[in-house]
Amino acid sequence: MKKLLYVVLGIIALFFIVAAFAPKDYSVVRSVEVNQPLNVTFNYVKHLKNQDEYSKWAMVDPNMKKTFRGTDGTVGFVSRWESEDENVGVGEQEIIKIEDGKRVDFELRFESPWESVSPAYMLTESINANTTKVVWAFEGHMDYPSNIMLLFMDMEEMLGGDLQTGLDNLKKNLD
């Protein structure tokens, strides 16, 4: 019985040791080039309501309840969603910073099916007079010891495809 107790304690200790060295942060970044000038592209992506037209996540549940606070395309604007679909859940997205013509920073606050806060951003960069590169990125953080899950979760695979689908939809909408 004592040996079994030592084995169990060893496994628990190993879990906490591994978690101490596991990554705590992740970042998933995707990009696309659209055939529109920078100002047209930036003015489109800075409005959160426009994400309903290209974001894969906005299209998962057509019955999702959406509410808005503030003026879209400005700092402080909040887009809130509520869905019975556990793939969508409940949460909100707020514009927290805008560098005009360049970058929009968002804060995603998920309430269910799990609670978390994640930063995200969209960058626009002029390739030429009629082409703009759009970068969409999500970042995240998991506190110790739950960060051990990042060793088993491929965030690139989990989020990357959805980001790319959204960007491909964006390209279709703007081209």
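Just so you know, all these numbers are worked out from the coordinates, no wet-lab data involved. Just so you know, these numbers come straight off a predicted model, no measurement behind them. Reconstructed Cβ throughout: ideal geometry from the backbone, glycine too, with neighbour counts over all protein chains shown.
For residue 171 and residue 67 in the same chain, what is the full-extension length gain: residue separation times 0.36 nm, less their Cα-Cα distance, in nm?
Values: separation 104, 0.36 × 104 = 37.44 nm, distance 2.58 nm.
Going from the current span to full extension adds 34.9 nm.
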Original post:
Cross-link partners among lysines for residue 172, C-alpha distance below 23 Å, same-chain residues fewer than 8 apart left out?
Top reply: 46, 49, 56, 102, 133
**OP:** Take the alpha carbon atoms of region 20-46, find their center, do the same for region 55-119, and report the distance between the two centers in whole angstrom.
**Re:** 15
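Take the alpha-carbon positions of the chain, form their convex hull, and give its projected area averaged over all directions (one quarter of the hull surface) in nm².
Working: hull surface 47.7 nm².
With every direction weighted equally, the projected area is 11.9 nm².
Would you please name the chymotrypsin sites (Phe, Trp or Tyr not before Pro) within region 57-157 that are DSSP coil residues with at most 14 other C-beta atoms within 10 Å of their C-beta? Before the final figure, lay out each step's value.
Numbers: sites: 57, 68, 77, 81, 106, 110, 114, 121, 136, 138, 152; in loops: 77, 114, 152.
Hits after loop and neighbour filter: 114, 152.
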**OP:** With label points built 7 Å along Cα→Cβ from the Cα atoms of residue 99 and residue 75, find their separation and express it in nm.
**Re:** 1.4
**OP:** Exposed loop GluC sites (Glu not before Pro) only (DSSP loop, at most 12 other Cβ atoms within 10 Å): please give the longest stretch of the chain free of them, not including the sites.
**Re:** 1-83
**OP:** Taking 7 Å along the Cα-to-C-beta vector as the label spot, tell me the residue 2-residue 131 distance in nanometres, rounded to one decimal.
**Re:** 7.3
**OP:** Using the Kyte-Doolittle scale, find the helices of the chain whose mean hydropathy is at least -1.0 and whose Cα atoms extend 18 Å or more along the helix's long axis, counting only whole DSSP H runs.
**Re:** 2-21, 155-174
